[in-house]
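Contents: one structure, followed by commentary.
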Amino acid sequence: MDLNTIREIARPHTRAQLPVWTAGDAWLAGGTWLFSEPQVHLNRLIDLTDLKWPALIVSDNHLRIAATCTVAQLDALACAPDWIAAPLIGQCCRAFLASFKIWKTATVGGNICMSLPAGPMISLASALDGVCTIWRADGSEYQIPVADFVVGNRRNLLASGDLLRQIDIPLTALRRRSVFRQISLTPVGRSAALLIGTLDGDGALSLTVTASTVRPIKLSFADLPGREALRSAILQQIPEAVYHADVHGRPMWRRHMTLRLAEEIRSELAIDP
Amino acid sequence: MSIEINGRTFAETPGPGQCLRTFLRELGHFGVKKGCDAGDCGACTVLLDGEPVHSCVIPAFRAEGRAVTTIEGLGSEGGTHPLQQAFLDAQGFQCGFCTAGMILTCASLNQAQRQELGVALKGNICRCTGYRSIQDAMDGKSNIEDAAAGGAFGRSLPAPAGPLVVRGAAPYTFDIALDRLLHIKLLRSPHPHARIIGIDKAAALAVPGVHAVLTHEDAPKILFSTARHEKDWMDPDDTRVLDDTVRFIGQKVAAVVAETEAAAEEGCRRLKVDYDILPAATDPALAIAPGAPVIHGGKTAEIHRVSDAARNVVAEKHGEFGDVASALASSAAIYEGTFTTQRVQHAALETHGGLAWIDAGGLLNVRSSTQVPFLIRRSLAQIFDRPLDQIRVFCDRVGGGFGGKQEMFVEDILALAAIATGRPVKLEFTREEQFIATSTRHPMRVTVKAGADKQGMLTALQLDVLSDTGAYGNHAGPVLFHAVSECISVYNCPNKKVDAVAAYTNTVPAGAFRGYGLPQTLFAVEAAIDELARQLGIDPFEIRRRNIVKPGDAMLSPPPSQYHDVFYGSYGLDQCLDLVERAMSTARPDYGLSDDWLVGDGVALTMIDTVPPAGHLSDSTITLRDDGGFELTVGTAEFGNGTSTVHRQIAATALATTVDRISLRQSDTALGGHDTGAYGSAGTFVAGRATQAAAEQLADGIKLWLRS
C-alpha cells in the first residue's frame, strides 16, 4: 500500500553513506512487510539495495547470506553435493505463508528481523548454527547466533539504527544429516510448529524448535536420545509460557505437535541412512 | 524516472512511499486491482521484468528502468493470450476482480508449479469460484455450451462480460478517472461507546490540500438504516450519516475531503476529538441483562422500529403452537444442545466505496460498489431531501457482494461530500476498514430442543436464538426471522416453539450475508435431527424422509408468518435426498489416511424461500432495434452472481433468438424504472421474471406485426 508519510528515500551506496539514524527512519530491504501495513510513524526509508551486497558467497568455511538476499535467490542456490542438509533450504522457503511471488522480493534478513515465531528463515538459520553480523549505528559491529538474536514474538536484539548485514552458516552444519517437520492448521498455512533436527558426524543431535515457540529454542544432545529422554528434555527445557498463542494455533496444541514432530525427527534420524 | 509498461515508456515519477500498484493505476492501467493492499490476495499481480509480483508491496521507485506487464499487455498486440482464452473457455471467474492477477500468475507458472496448483495459487485469493473453474482453466477444460436460437434456457452459456474480464478491461467501481477529483478519508472511533463533545478541525483544515472536514454538525439529523430493503419498515431507523454518539470501535466520526488521499489521511490524524467515554456492552447476553449500558436510549418501537431500546433489544419473535414442553416430556428420544456461531466477514475482493459528483444539470451522480442502486437512491433522496429525479445511482461491474453490499456504507458520505465541496469525490475503503467498519454475519447462540417418537416422527422442535446485531440494527430483524423460519418449517412437527432476540452490542454491526441467518440455525437443527436418529437407531436419511414436508403440507414456523406468499413452485426434496444418499453410498474416496484418523460422513438439509418476503419489484424493458438485435434494460446488478448471463438467456429464449443478439444495459437508475436489488436471488427470480414478461410481450408484438 502507499506509505503516504514517507517524504524521502535515502539510497546509500556504501556503509559510510548510511545516513544518521533518526526517529521516523526504517531500513528498506524487500519491503514486502513494510508496504503491507500502514507505517504512519515513518517518514524516511533507507534503501539497502544500492549497497549491492553479494547475495550469497560460499567460502572455505561458510555460506554467507547477505541480509538483502531474497528468498528466491537462496532457494535457487546450487548446493555442493556434500551439503546433505541442503534440502532444508527448499523446505524452509516453502514454509512461508507468503506466495512464491513474494519470495522474489522478500529477503532473508527481513524475515529474521521481523522475528515472527513462524519466520522460516529463522528456523533455517538457527538450525544450521547461523551467526548474524550486526552493523551498529556507531560504526562498530558484532556477531551473535541467530537463535539468540531473536528473543520473542517480533522482538530481537537490534537497537535503534542497528542493521543486520549478513548471516554466516558454517559449512559443517550443512554437512549434517537433517530432518524437517512442519505443521499448520490449514494446508500451506502459517507454520504452527516447525522443527528441524540435525545429526553431526559424532552422533550429536541438535533439535531446533520454532514457530510453536515465541523464539527459537535449541536443544542439544551428545547422542541421539531415547523417546522418553527426548520428551522429558522438551518438557523441561521449554517452559509452557514460551509456546506461542494466536489464531494459528493454541499453545497446548503447539506443545503437543512439538513433542510429536520431535519424536518423528528422532525416529527418522535413528535409522541409518 | 523511466518505466516501461506494456511496451510503452512512461517518464512520470512516483511519490517516495508510493507502491507500484497505485502508480500503475495512476497511469491508466486499471486492470491492476486492489484486493488486500498487503501482499496477500494477488489481485494486483503484474509481471516485473517477466516475473510475477504483488505490485501493492513493490516500492514504485524500484520499477525504474524496468519493464512491467499488466493484464492489459499480456496478449500480444491486443490479442488474447492462451491463458486468457482458457479462462474464458472454463469460465474461470465469477465477479472477475481477481482474474487479472490470477491469469498473470497462472501464465507464469512452470510445470512443477502447475502440478501443485493449490500451493502455486496461495497468493491469489478468489472469493467466488472455489477455484474449481480455475483448475478447469489450467486443465484446458471447457465449461461452456452452445445454444441454438430459442434454446438458451438451461444451457451453460458464458458470461457476457467474460472477454472484458479476462483482458482486465471490465470497468469496476474505481476504474474511472475523473478530473478535479477529491479524496475522502474517514476518522474512526477508537472507543466502543462515547459521546462526541467537540471536534477541533483547525489543524486538519490547515493541511495543504484539505478542502473540507465534515462532522455530525454537517450531517442531516435524519435517522435511517444502512440496510437496504424494498420495504423500509423492515429495519430500524437508528443510524445517522455522521452521529454525535459512537457505538463501536471503527464507527465513522468525521470525513476529511482533500486533493490527495495523503492529505486526507494527514487531516484525519490532525483532528482533535473530545469524547465522553460511556460504558460499553460487547456481549449480547450481558447487553440484554438488567443494568446493561443502553446503546440506543430514547429510540422507540413506534418511531424507530427498535423493539425495546431500554433492554438493547432491536427485534424479537416469540411464538408456539402445540405444546412443546409436554411433547418433550413424553417423547421416546429428546435432544438439547447449544451452538454458537462466530462473526464472519464477506471479504468481497473489491472493497466498499464509490465516487460522486454533481453534474452541470445539478444531478447528483453516485457510482458505487453496490447490490442495490435503486434503494440507495431512495435512501439518499430521503436523507438529503432531494427529489428522486435529481439523483442517479449506478454501478458498473462490482467485485463481489455476498450480501455485504446490500447496505449503504459509503454513498451517504459521498453525497454529503460532493454537495459540500461541489467537486467530484471518491471514497475507497481499505481492507482494514472492511473488517472493522462494514458488516459481518450475525453471530448467534442457538439452543435447540427436539423430540421424536419411537418411529422417528418428530414430536417437538424448539429454537431459542440470541443474535448479536452489533451497534446498529441493519438487517437485525429480517435475519433473525429468517433464521427461525425455513430451517424448522421444512419439517412436519405438531409442536414448535420459537424465542428469538436480536441484541444491540457495542461491536461492529452485523448485516446481510449469504443464507441470511439460516446457516447459523440450520446447523443446530440438523445436529438435533441427527442426534435423534442416532438415539433411535434410525438411518439419518430415513428420519429426514419421515419428517420433511410433502407437497401441499403447510410450511410452519411459529408464530404463524404474517406473510402468506410462500407456496410450492415445485417439489423435489424427496428426490434430492435419494440422489444424495445414492451418491454417498457409492465407493468412498481413498484419502490415504492412516488408521488413527476417524473418518465419518453426514447429511443435512434445509430449505430456503426463493425470494425475500413481502413484495419485491423490478422493471425490465426490451426493444427491437433497427438492426434486428434487442436492447434489454434491467436494474439488477452484476457482481459475479451471473444474472447478466441469465437475463440474456431468458430474453433470447422468449424471443427465439441467440444471446449474442441481446445487448444488456443494467444497474443504473438513469435508465428508468425500479429494481429491488440483487439479494436473496431477486436478481434472477424477480428481475428475471420481469425480463421474461417483457420479452414474451415483445415476442407477441412482433408476431402480431408480422401477421398484420
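For segment A:1-19, the set of residues classified as in contact (Cβ under 8 Å) with a residue 60 or more places away in the chain and assigned to a loop (DSSP other than H, G, I, E, B) consists of A:18 only.
Open to solvent by 30 Å² or more (accessible area, probe 1.4 Å), farther than 30 Å from residue B:433 by Cβ and free of Cβ contacts under 8 Å to residues at least 12 places away in the same chain: does that describe residue A:76?
yes
Is it true that residue A:188 is open to solvent by less than 10 Å² (accessible area, probe 1.4 Å), within 22 Å of residue A:92 (Cα to Cα), out of contact with any Pro (no Cβ under 8 Å at 6 or more places or on another chain) and in the same structural domain as residue A:243 (by TED's automatic domain parsing)? No: the conditions fail for residue A:188. When segment B:25-46 is filtered for residues that are more than 12 Å from residue B:175 (Cα to Cα), more than 8 Å from chain A (Cβ to nearest Cβ) and in contact with a strand residue (DSSP E or B) (Cβ under 7 Å, 6 or more places away or on another chain), the ones remaining, listed by number, are B:44, B:46. The condition of being touching a His at 6+ places or on another chain (Cβ under 8 Å) and surrounded by fewer than 21 Cβ atoms within 10 Å (Cβ to Cβ) holds for only one of B:275, B:335, that being B:275.
Residue-by-condition table, conditions (1) without any contact (Cβ under 8 Å) to a residue 60 or more places away in the chain; (2) assigned to a helix (DSSP H, G or I):
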| residue | (1), (2) |
| --- | --- |
| B:543 | no, yes |
| B:567 | yes, no |
| B:574 | yes, yes |
| B:592 | yes, no |
| B:600 | yes, no |
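Does segment A:20-28 contain any residue that is closer than 18 Å to residue A:158 by Cβ, within 10 Å of chain B (Cβ to nearest Cβ), modelled with pLDDT of 95 or more and buried (at least 17 other Cβ atoms within 10 Å of the Cβ)? Yes, some residue in segment A:20-28 is closer than 18 Å to residue A:158 by Cβ, within 10 Å of chain B (Cβ to nearest Cβ), modelled with pLDDT of 95 or more and buried (at least 17 other Cβ atoms within 10 Å of the Cβ).
Taking every residue in segment B:314-343 that is closer than 30 Å to residue B:510 by Cα and part of a strand (DSSP E or B) and pairing it with any residue that is among the basic types (Lys, Arg) and open to solvent by 70 Å² or more (accessible area, probe 1.4 Å), at least 6 positions away or on another chain, the pairs with Cβ-Cβ distances below 8 Å are B:338/B:445; B:339/B:445; B:340/B:445.
How about segment B:261-311: which of its residues are more than 25 Å from residue B:217 (Cβ to Cβ) and within 14 Å of another protein chain (Cβ to nearest Cβ)? Within segment B:261-311, B:262 is the sole residue that qualifies. Look through B:295, B:303 and report the one residue that is open to solvent by less than 30 Å² (accessible area, probe 1.4 Å) and either part of a helix (DSSP H, G or I) or more than 30 Å from residue B:537 (Cα to Cα) (or both). Matching residue, one of B:295, B:303: B:295. Among the residues of segment B:306-320, none qualifies, meaning not one is β-branched (Val, Ile, Thr) and farther than 14 Å from residue B:476 by Cβ. Can you confirm whether residue B:150 is at pLDDT 95 or above and outside any helix (DSSP H, G or I)? In short, yes.
If I filter segment B:452-462 for residues that are more than 30 Å from residue B:531 (Cα to Cα), assigned to a loop (DSSP other than H, G, I, E, B) and either open to solvent by less than 10 Å² (accessible area, probe 1.4 Å) or in contact (Cβ under 8 Å) with a residue 24 or more places away in the chain (or both), do I get at least one hit? No, there is no match, as no residue in segment B:452-462 is more than 30 Å from residue B:531 (Cα to Cα), assigned to a loop (DSSP other than H, G, I, E, B) and either open to solvent by less than 10 Å² (accessible area, probe 1.4 Å) or in contact (Cβ under 8 Å) with a residue 24 or more places away in the chain (or both). Please go through segment B:56-65 and pick out each residue that is more than 10 Å from every other protein chain (Cβ to nearest Cβ) and in contact with a strand residue (DSSP E or B) (Cβ under 6 Å, 6 or more places away or on another chain). Residue satisfying the conditions is B:63 alone. Summed over segment B:182-202, the residues that are open to solvent by 30 Å² or more (accessible area, probe 1.4 Å) and over 23 Å from residue B:296 (Cβ atoms) give a count of 4.
The values are calculated or read from the model by the stated rules, or taken from the named source; none is laboratory data. Being a predicted model, the structure only gives us computed values, none of them experimental. FYI the Cβ positions are ideal-geometry reconstructions off the backbone, even for glycines, and counts take in every protein chain you see. Each accessible area value is taken on the protein alone, full model and side chains, heavy atoms only, with ligands, DNA and RNA left out. Shrake-Rupley method; radii C 1.70, N 1.55, O 1.52, S 1.80 Å.
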